[in-house]
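Here the structure is laid out as structure tokens; the discussion comes afterwards.
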Amino acid sequence: MTVPLLKIGAVLSTMAMVTNWMSQTLPSLVGLNGTAVSRAGTSEKISPDEGWQVYTSAQAPDGKCLCTAVIPVQGTCSRDLRSHQLRQLMEKVQNISQSMEVLDLRTYRDLQYVRNTEALMKGLDSRLKVAAESQRSLNAKSFQELKEKMTELLPLLPVVDQYKADTRLIVHLKEEVRNLSGNLLAIQEEMGAYDYEELQQRVLTLEARLHACMQKLGCGKLTGVSNPITIRASGSRFGSWMTDTMTPSADSRVWYMDGYYKGRRVLEFRTMNDFVTGQNFVQHLLPHPWAGTGHVVFNGSLYYNKYQSNIAVKYHFRSRSVLVQRSLTGAGYNNTFPYSWGGFSDIDFMVDESGLWAVYTTNQNAGNIVVSRVDPQTLEILRSWDTGYPKRSAGESFMICGTLYVTNSHLAGAKIYFAYYTNTSSYEYTDIPFHNQYSHISMLDYNPRERVLYTWNNGHQVIYNVTLFHVIKTSGEL
């Protein structure tokens, strides 16, 4: 009985080694530990088919080429044939690894059963030997006992049959692994005999440069807003909803705050799909009620205006506690300087590519919109700008790349009418169409992570894509 046990043990050992090679050695070999491998000295081009659009191009007086480009919400680089082959191979490897895991569990179960029946089989073997040596001792009672012992061993037969089938499958998987190894070696030879650790480092460096480039490309001058995309219709006429403006894209939680004053109830949905269906949410009860709809979620915390005050509050969702609160000196509140729709919208928090902002106004500024950079840790005002635009004439406003954009109305027929550039402390009047589908916007915010506008429009939760103008110089500098 020891021979079958050794065979099954050997199968387990072989499968463990192959599975380990699949999950660890293979990704390192082809350089796919979170990165993609490309031939050194080459560059990959961005394909318009993957979301990039080049609208116009022209030549500057100094001879440099200028073009207008719109970056996709989720920018991706095209992959060459080798990368495509490697991706297919990795998918195949994952399938084989999963099969190995199933086999591992199954053979482990069968091995345990065989071990449990080993004592019974040894006893039966001993009885059979005695009966063979002395047939006279095999009376009716002994024969019946042997028959009962054999009956107890009958469940072992399907286990052995499964083991045989698994053995054939393992032979097939070994052949698959052999073919995969051959394909990978061929790709490796085609790519050249590089030091893969060095190549991986190059790829990581290039990815860092690409990320920096993407961040720069993410900033630009707003030139257009898409048609509205309605996500859900829920709640009252006024409210706010948002996703985190800073956390990784894997975090897709949605926060929902119905109403514009005295509210304390914040719903946190696990995903956008859960928000659409109204399922899988938890409730946060704020220690202080809010005023207006100018709230924003930034790096796991909610920033909002405390009701009947000009106090800014930072509420941390994970600890369910207020981390800091601070008065915005001189800022109007309680409908002193709201947007045109009212609703205690005196203080509006925003986040763009450069950080946290507060938009409000004061008596000192004669009711004109003030834009302030805010330290997200302490809520201290770092710097302020007087835009000269009367806040009561604004429908709503939002920040993109350090520029404040203001709509001229919260009702139908609105357009983005005014832009203030904090980097140059200058402004201009604009004429960017803005389709107000449900005729009453009470919240409008830009999410730099997703490059979309979030709005609450008359009980509808709506998003807009934005078009930004970028100047790309042929020298490679942005």
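The values are calculated or read from the model by the stated rules, or taken from the named source; none is laboratory data. Here the structure is a predicted model, which means the values were calculated and not measured. Here Cβ is always computed from backbone atoms with ideal geometry, including for glycine, and neighbour counts include all displayed protein chains. All accessible areas refer to the heavy atoms of the entire protein, side chains included, with ligands and DNA or RNA removed. Shrake-Rupley method; radii C 1.70, N 1.55, O 1.52, S 1.80 Å.
Results, tabulated for the structure shown:
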read-out	value
Using θ = phi - 60° and Karplus 6.51 cos²θ - 1.76 cosθ + 1.60, couplings along the range 416-426 (whole Hz; Gly, Pro as x)	7, 10, 8, 9, 10, 9, 5, 5, 10, 6, 10
Cut-off under 5 Å, modelled amide H: who pairs with residue 402 long-range	353, 354
Under 13 Å, Cβ to Cβ, from residue 224 - net charge with Lys/Arg +1 and Asp/Glu -1	+2
Ordering of 140-152, 441-453 by packing [mean C-beta count within 10 Å, highest first]	441-453, 140-152
Cα centroid separation - the range 416-452 against the range 367-413, whole Å	10 Å
Table column - 3J(HN,Hα) (Hz), the range 274-280, Karplus curve with 6.51, -1.76, 1.60, x for Gly and Pro	5, 5, 4, 8, x, 10, 6
Carbon plus sulfur fraction of accessible area for the range 293-437, probe 1.4 Å, in percent	44 percent
Residues whose placed amide H lies under 5 Å from that of residue 231, excluding near-sequence neighbours	461, 462, 463
In Hz, Karplus ³J(HN,Hα) per residue of the range 252-262 (6.51, -1.76, 1.60; θ = phi - 60°; x = Gly, Pro)	10, 5, 10, 10, 9, 10, 7, x, 10, 7, 6
Heavy-atom SASA rank of 371, 177 (probe 1.4 Å, accessible area, largest first)	177, 371
Loop trypsin sites (Lys or Arg not before Pro), the range 308-406, which have at most 14 other Cβ atoms in a 10 Å radius of their Cβ (DSSP)	318, 320
Sequence ranges 251-258, 420-427, 394-401, ranked by mean other-Cβ count within 10 angstrom, highest first	394-401, 251-258, 420-427
For the range 259-314, accessible area per residue (1.4 Å probe, heavy atoms of protein chains only), Å²	40 Å²
Mean Cβ count within 10 Å, highest first, over the residues of peptides 155-162, 374-381	374-381, 155-162
Radius 15 Å from Cβ of residue 258, net charge of other residues (Lys, Arg +1; Asp, Glu -1)	+4
Long-range amide H partners of residue 367 with built H, under 5 Å	362
